[in-house]
Every structure is written in C-alpha cells, then in structure tokens.
1. Would you kindly identify the strands (runs of 3 or more DSSP E) lying entirely within the stretch 29-125 that contain at least 1 residues that are farther than 29 Å from residue 202 by Cα?
2. Based on this model, can you work out whether residue 150 counts as at negative phi, of a type in the set (Ser, Thr, Tyr) and within 16 Å of the ligand (Cβ to nearest atom)?
3. With the requirement that a residue be surrounded by 19 or more Cβ atoms within 10 Å (Cβ to Cβ) and of a type in the set (A, V, I, L, M, F, W, C), what does the stretch 148-171 give you?
4. Quick one: which of 241, 258 is surrounded by 18 or more Cβ atoms within 10 Å (Cβ to Cβ) and farther than 25 Å from residue 125 by Cα?
5. Being without any contact (Cβ under 8 Å) to a residue 40 or more places away in the chain, closer than 20 Å to residue 219 by Cα and among the acidic types (Asp, Glu) is the requirement here; does residue 25 meet it?
6. Look through the stretch 177-196, keep the residues that are open to solvent by 50 Å² or more (accessible area, probe 1.4 Å) and either in contact (Cβ under 8 Å) with a residue 40 or more places away in the chain or touching an Asp or Glu at 6+ places or on another chain (Cβ under 9 Å) (or both), and return whichever of them is nearest to the ligand (Cβ to nearest atom).
7. Identify all residues within the stretch 106-128 that are open to solvent by 20 Å² or more (accessible area, probe 1.4 Å) and away from the ligand (no atom under 16 Å from the Cβ); write none if there are none.
8. I'm checking my understanding of the structure. Among residues of the stretch 206-221 that are free of Cβ contacts under 8 Å to residues at least 60 places away in the same chain and away from the ligand (no atom under 16 Å from the Cβ), which one is least open to solvent (accessible area, probe 1.4 Å)?
Amino acid sequence: MLQAPYPELDDLLEMMGEAGKRLSEIEASEGAAGNISICLRWPIELRTRFPVIDEIELPQPVPELAGATFLVSGSGRRLREIIDEPVASIGCLVVNEGGLTGKLFVSYQRRFERLTSEFNSHLAVHYDQMLSSGTNFHAIIHAQPPQLTYLSHIPRYQDEGYLNTHLLRWQPETIVNLPEGIGFVRFRVPSSPELMAGTLASLRQHRIVIWAKHGVMARSDVSVKRAVDRVEYAEAAAKYEYFNLCAGEIGEGLTVDEIRAICQTFNVQQSIF
Ligand SMILES: [Zn+2]
C-alpha cells in the first residue's frame with residue numbers, strides 16, 4: 001500500500017526501467033525473456049505519453065478493478081531497453097466498467113503488438129492480491145534467474161520443503177526477506193491456464209514462486225524494485241546451493257538453531273525451520 005503523494009507516471013516508468021536493467025544485470029532476462037507489470041488505483045494521466053487507444057478484452061473478468069490502471073511490458077520487448085525508451089516497450093491498460101474489457105493506451109513509438117503473453121498470470125495475481133489485501137499498488141515481475149531455474153530441474157528440489165530448507169540456509173538475510181520461503185509450481189506450459197492457477201495459489205502463501213524448468217514470478221505491494229530484490233535474494237540462495245553441489249556438498253550452511261536465533265533476534269515469523 002502506498003501513501004500520498006503517489007508516484008507519477010514518469011516515476012513509475014523509470015522504476016520499471018530500473019527493474020528491467022537490474023534483472024538483465026543479474027542475467028535473469030536474456031533476449032526478450034521476462035516481463036513486468038504494475039497495478040495502481042489512483043488516477044493517473046496517460047494520454048500525453050500514450051495517446052493511441054485500443055479496446056481489448058481482458059483474459060478474465062475483474063469487475064472490482066474497474067478504473068484501475070495497469071502498466072505492462074509488451075510482448076517480445078527486452079526488459080533491459082525499457083529504461084531508455086519506456087513508451088516503446090510499455091502499454092497502459094485502464095479497466096472498463098464491468099471489468100470485461102479495458103482501454104489500452106500506447107505510444108506512436110510502440111514496438112509491440114500485444115501485452116506480454118504472461119499477462120493472464122499477472123492479471124490473476126494482481127486481482128487476487130488487490131482484493132484480498134486492499135492495497136492500492138501491486139507489482140509483479142517474471143524473470144529467468146539461471147541457478148534457481150537449474151535447481152528446479154533436479155527432482156529433489158521440486159519438493160517445497162527440501163527446496164526451502166536447502167536454499168534458505170546460506171545467508172542470514174534470506175529468511176528475513178523471504179520468511180514464507182519460496183513457492184514451487186511444477187512445470188506448466190508458458191501462458192497456460194494451469195500455470196496461471198498454480199501461480200495464483202502459490203503467491204497467496206509466498207512472495208516469490210519458482211516456475212519449474214522456466215523461471216520465477218515475484219510480487220510486491222511496495223515497489224517494482226522490491227519484487228526484483230526478492231528475485232535477487234532467492235537467486236543468491238540458489239547460487240550458494242549450486243556452489244555447494246559443485247564442491248561436493250562440503251558446505252555446512254546455517255544450522256537450524258542458528259536460523260532460529262536469527263528469526264528470534266529479528267522477530268521473523270516462519271515455519272520452515
Ligand atoms: Zn519466461
């Protein structure tokens with residue numbers, strides 16, 4: 001939830017650009033992989049930067065979000081290029097009354113035909129979170145961090161308990177920043193209704209979820225960068241786990257007692273250790 005004064009359109013575009021740049025720096029967004037969206041409920045002026053208006057059908061009805069604005073990366077756009085020319089890569093969707101359709105505001109410089117192909121999952125999670133928490137702001141990113149994604153190919157890491165007890169043991173910050181741990185959705189075809197449903201359910205319990213053999217989705221109701229931070233914390237944990245596998249598993253990791261002591265000191269509620 002954000003308090004007034006709310007960020008303006010240019011601030012939001014800049015934050016999306018910086019998020020895209022950071023995801024590219026950590027090699028979680030090769031080529032046109034990954035996508036970013038935010039949902040906000042305060043009035044915002046779009047026409048100056050995005051004067052062309054299309055009517056589009058929404059992937060699902062979202063009647064309670066009538067009037068809400070979504071800023072969404074375009075299909076096939078590179079996240080690292082948003083920062084240089086945001087209007088070429090981002091579309092702004094305002095939900096119409098009734099929640100079945102929306103007005104898509106785009107620029108004459110747009111370099112995409114449609115919004116990201118994962119918009120069905122983005123919209124479903126935004127809708128669920130906006131309604132359940134009552135927040136006025138929500139950010140979602142999908143990225144493809146290599147170590148997390150690699151571990152999701154190894155059968156024993158496909159168990160959520162095993163995954164979390166092994167990844168959250170390498171740095172004290174990890175449990176503090178991801179107290180609910182990392183969710184896991186088994187392989188589903190990209191853009192499918194099954195991926196959407198699994199993601200929606202997992203992000204009710206977690207702030208970040210692994211899409212097996214594909215990547216991650218992370219959310220935040222504070223900022224786009226906070227969602228990126230979650231990807232970084234999870235990927236750092238996976239990097240240590242990967243190092244440890246390569247080194248023949250000689251690392252000790254934080255012990256359960258050490259992790260519980262960290263949680264007690266920093267008042268972290270968790271049920272993983
Ligand atoms: Zn992807």
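1. Details: elements: 35-40, 52-57, 69-73, 90-95, 101-106.
Of the strands (runs of 3 or more DSSP E) lying wholly inside the stretch 29-125, those with at least 1 residues that are farther than 29 Å from residue 202 by Cα span 52-57, 101-106.
2. Numbers: at negative phi: yes; of a type in the set (Ser, Thr, Tyr): yes; within 16 Å of the ligand (Cβ to nearest atom): yes.
It is true that residue 150 is at negative phi, of a type in the set (Ser, Thr, Tyr) and within 16 Å of the ligand (Cβ to nearest atom).
3. 148, 151, 163, 167, 168, 170
4. Working: 258 fails: surrounded by 18 or more Cβ atoms within 10 Å (Cβ to Cβ).
Criteria check complete, one pass: 241.
5. On the way: without any contact (Cβ under 8 Å) to a residue 40 or more places away in the chain: yes; closer than 20 Å to residue 219 by Cα: yes; among the acidic types (Asp, Glu): yes.
In short, yes.
6. As a first pass, look at the stretch 177-196 and keep what is open to solvent by 50 Å² or more (accessible area, probe 1.4 Å): 180, 186-190, 193-194.
Going one step further and asking which of them are either in contact (Cβ under 8 Å) with a residue 40 or more places away in the chain or touching an Asp or Glu at 6+ places or on another chain (Cβ under 9 Å) (or both), we end up with 180, 188, 190, 193.
On the way: 180: 23, 188: 12, 190: 6, 193: 16 Å.
Looking at the filtered set, the residue picked out is 190.
7. 108, 109, 110, 111, 113, 127, 128, listed by residue number.
8. 206
The values are calculated or read from the model by the stated rules, or taken from the named source; none is laboratory data. The structure displayed is predicted, hence computed values, not measured ones. For neighbour counting, all protein chains shown are included, and Cβ atoms are generated from backbone atoms with ideal geometry for every residue, glycine included. Areas reflect the complete protein model, heavy atoms only, side chains present, ligands, DNA and RNA absent. Shrake-Rupley method; radii C 1.70, N 1.55, O 1.52, S 1.80 Å.
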